[in-house]
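Okay, so here's the structure we're looking at.
Just so it is clear, none of the values below were taken in a lab; they were calculated from the coordinates. Please read these numbers as outputs of a predicted model, since none were measured by experiment. Virtual Cβ from ideal backbone geometry, glycine too; neighbours counted across all protein chains shown.
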Amino acid sequence: LVVLTADHGEAIADRVDDEWRFEHSDSVRPELVHIPLVFYSPRLVGERVDDCIIQNVDWMPTIAGLLGVSGVPAGIDGADVSQQCRPWAVSATYAWNFETKENAMDTAVVYNNSSAVRATCRNGAYRYTGYDHLTDPTELAPLAVEALPHGPAMQRHLDEYLQRAADTWVGASCR
């Protein structure tokens, strides 16, 4: 099995509203998160093109599923997306806190092909912002989460992710 992919795209010298952007960390603009993922094996029959949302944690269960390997360990965050696409994905960034001298959660984002909900940690609490990628692909016009289709459900999914992360690693807490 040959796998071809990348971990993220880049916004190199994108000009948005008279501002040059060089980034890849806390945005989920399509040019940053839509990356190739190609599986090739002589044993895989046919060709299929999906516009699936997949996270890096999905690679191992998906590859195991494609190869017919059973026994993926329990507790794995990833899912075999060769059979069913995810409705959305989560991405998180951590930042060095100069006061506490440790890494802490800075931003987490849940996104799908048309919108995103961002949780930004400020002063020990998360602030939630929504973005409609169909009308605002450069994320310049924040919206209330409730204004997005599936926004509240996406926020609940993000909250569950943030809680799991905080339960697993103290550095994932918002401080």
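Modelled spin-label separation between S41 and Q83, with each label point placed 7 Å from Cα along the Cα-to-Cβ direction: 1.5 nm.
Among 111-119, 146-154, 125-133, sorting by the average number of other beta carbon atoms lying within 10 angstrom of each residue, highest first, gives 111-119, 125-133, 146-154.
The label-point distance for C52 and L67, in a model that sets each label 7 Å from Cα toward Cβ, rounds to 1.6 nm. Maximal additional length on extending the D7-A153 stretch stands at 50.0 nm, based on 0.36 nm per residue less the C-alpha distance.
Other residues with beta-carbon under 13 Å from the beta-carbon of V38 carry, at +1 per Lys or Arg and -1 per Asp or Glu, a net charge of -1.
Coupling constants for region 69-74 follow from the phi torsions by the Karplus curve (6.51 cos²θ - 1.76 cosθ + 1.60, θ = phi - 60°), and in residue order they are 8, 9, x, 4, x, 5 Hz; glycine and proline get x.
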